[in-house]
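The values are calculated or read from the model by the stated rules, or taken from the named source; none is laboratory data. In this text the structure is predicted, and so the values were computed from the model without any measurement. Note: ideal-geometry Cβ built from the backbone for every residue, glycine included; neighbour counts use all protein chains shown.
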């Protein structure tokens, strides 16, 4: 009879520990999920800022090149306007 109570006590204790372990695993999974969500938002924001920086740099480069093209065209026009062949 004593063995029976001892076995039941050990079984109850082991069951309680496994339930406690499962609860902790659930909490860890929730924490991991929220960490992944936060990392995803941070990555999205980083990509957004990088994209804006690239767009700004591209726009600046295109405008600078367009200005240089206009200046070059004006110089060519000045040089060719003075020729008597025309």
### Query
Would you pick out the residues in the range 29-86 that are out of contact with any helix residue (DSSP H, G or I) (no Cβ under 8 Å at 6 or more places or on another chain) and not in a helix (DSSP H, G or I)?
82, 83, 84, 85
### Task
Scan 55, 46, 14 and give me the residue that is modelled with pLDDT under 90 and surrounded by 10 or more Cβ atoms within 10 Å (Cβ to Cβ).
14
